[in-house]
1. Consider a paramagnetic label point 7 Å from the Cα of Ala625 along Cα→Cβ; state which residues of the stretch 555-586 have an amide N under 16 Å from it.
2. Cα gyration tensor of the stretch 356-443, axes a ≥ b ≥ c as square roots of the eigenvalues: rounded (a/c below 1.5), prolate (a/b > b/c) or oblate?
3. Suppose each label sits 7 Å from its Cα in the direction of the beta carbon; what would the Lys38-Ala390 distance come out to in nanometres?
4. Taking amide H atoms as placed 1.01 Å from N in the peptide plane, list the residues 5 or more away in sequence, or in a different chain, whose amide H sits under 5 Å from that of Glu132.
5. Between the stretch 188-229 and the stretch 19-83, how many Å separate their Cα centres?
6. Farthest toward the dipole's positive end in the chain, which of Ile190, Ala384, Tyr18, given Cβ charges of +1 (Lys, Arg) and -1 (Asp, Glu) about the Cα centre?
7. Only four residue types carry charge here, +1 at the Cβ of Lys and Arg and -1 at the Cβ of Asp and Glu. Report the dipole size of the chain about the Cα centre in Debye, rounded to the nearest 20.
8. Add -39500 (n - 2.57) for each DSSP H run of 4 or more in the chain, then divide by its residues: what number comes out at 222 nm, to the nearest 500 deg cm²/dmol?
Amino acid sequence: MSMLPDSHGRFGPYGGRYVPETLMPALLELEAEYAKVKKDRRFQADLAYYLKQYVGRPTSLYRADRLTKKLGGAKIYLKREDLCHTGAHKINNAIGQVLLAMRMKKRRIIAETGAGQHGVATATAAAMFGLECEVYMGTEDMQRQALNVYRMRLLGAKVTGVDAGSRTLKDAISEAMRDWTTNVRTTHYILGSVLGAHPYPMMIRDFQAIIGKEARKQILAAEGKLPTYLVACVGGGSNSIGLFHAFLRDPKVKMIGVEAGGSGIVSGKHAARFSGGKPGVLQGTMTYLLQDENGQINLTHSVSAGRGHRACARKRACHRRSRQVSAKAQEVAAHHRQPVWSWRQGRAAGREDARGGAMSGRLETTFQRLRDKKEKALIAYLMAGDPGLAETEQLVVALEQAGADIIELGVPFSDPIADGPVIQQAAERGLKSGTTLRKILDSVKSLRQRTEIPIVLMLYYNSIHAMGCEEFCKAAGAAGVDGLIVPDMPPDEAGPLKKPADAARLPLIFLLAPTSTTDRRKLVAKESHGFVYYVSLTGITGSKLSNVGDVQDNIKKLRKVSTAPVAVGFGVATPEDAARVSKVADGVIVGSAIVKRIASHQKDPKMVSHVAEFVRSLKAAMAPA
């Protein structure tokens, strides 16, 4: 167990890298650099120096005599991480990651925070080394933790409020990931919890493991034996795994993680991922989530700003000896529950190399027809259910008549990480109208009675995972879906989806980004079918297209390893943009500009015609000279 994760970033069945392609090179760079510093004596010496001289380690292990007497049981010792500089354990990880960022020549630091302690620690470490720092924080948490907001700003950090979703930690993480996607070349993202894509959980665990290493030595010095129990609160998991990790090889030491039980599990108002959650994918990792039957992420409830995350630490998810308990606000951790998950040793599902036959169909036919006419494909994006599924069906038919060649149909998800505010708000409207993945598939099936335009679904992996990969692919294929774009599933993580998608003859369309290396281009070219989706910029949907020359250069590089059509998306907002991009690509994807017009005209009876007219102008601009 202590040797996890494996070479694929897996803690048993959990973990991985479920992120947009834009971030994959940065994660691979981070993994490689961290592997070096683990063996670098100078780096480790610098880290030890700052932990001792600046953070104030080792922290004391205090015997709480009055609490021991009051409870009338075993001796209780408290590991006093509150004595660290800045008042919490978060500084251990912040110092380590700032030192790592400087080795990678990243001078801008971003972070997320809930209770504020990680934000304060990151701001402190960045200030000490003279780095630019921006911290994202839910506006609800900002109100509850106003003093920590003041401290961060006093340290020179920019504190950016996040007003989306529940306005708490989960939403702050999503916004920080969008920032990182946009500024990945110059920015390092310091995650504070044992969450996110590999190598973050491993790295944060290692930086926080000093807690348990010290505690182990201290308890042996004080009592001459190891403790019977370790107890720690669990939100994002950094303090609990920091304590537990040094004791994993000691089978007699029992470990208890206490989750926020809120008003009780039955009430649904809690933050207990093990008692009330199930496996899923959120913000880069496979772990336990609070989610509904459709894979939408549920709101949490806790009196603590730091305990409100919807996901649990992925190493905690596969821990076989620890117990997870949920405590109501007025309870203590004396009431233990049985473990709710047994860790399973194993690897991710094997991947087939051979395709299940040629992926011929509407996509291939459409690109061939356009190629024969020396035209380029206009791919129009719609968010299903915005403002309602009936309107979406009307739009599909109208946009085909207006010149759209392919429809990219978005599936609303509560927690997107690659979408800008325009599409995120459309997703919220779609969810509010009662749109679900099953209803969308029924809608596509209905549309097939009226149109043969290729329809590609763009959806986040947790929606597929919640339905089941095999069941989803069968249903999508039967409904008449022509391909799948899963923005948080790079080819590296597509194993579980690949075989059922092949069987249903559903091409998997992967994203390629300006940050993609030569090896990544080869991988995407090998695994993509239907077309390759080239993201024109390091950013989120709705960003502005700047340099078509860069797009052209990267497409030329892709052509050397792939004969598949290339469609360019992100940043195409006007007919002029569409005209420029169509000169260098096989297809042009327009999303936010269309969604914005739907939003501005949604109460207008002529909304469909307004949007169709805009699409007509895009197609006209793309006409061959």
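The values are calculated or read from the model by the stated rules, or taken from the named source; none is laboratory data. As the structure is a prediction and not an experimental result, all values here were calculated from the model. Cβ placement follows ideal geometry from the backbone for every residue including glycine, while neighbour counts extend to all protein chains displayed. For the accessible areas, the whole protein counts, side chains as well, though only heavy atoms, and no ligand, DNA or RNA atoms are used. Shrake-Rupley method; radii C 1.70, N 1.55, O 1.52, S 1.80 Å.
1. Flagged as within label range: 576-585.
2. Prolate, because a/c is 1.5 or more and a/b exceeds b/c.
3. 5.8 nm
4. Ile109
5. About 5 Å separates the Cα centre of the stretch 188-229 from the one of the stretch 19-83.
6. Selected residue: Ile190.
7. Dipole about the Cα centre, nearest 20: 2300 debye.
8. That comes out to -12000 deg cm²/dmol.
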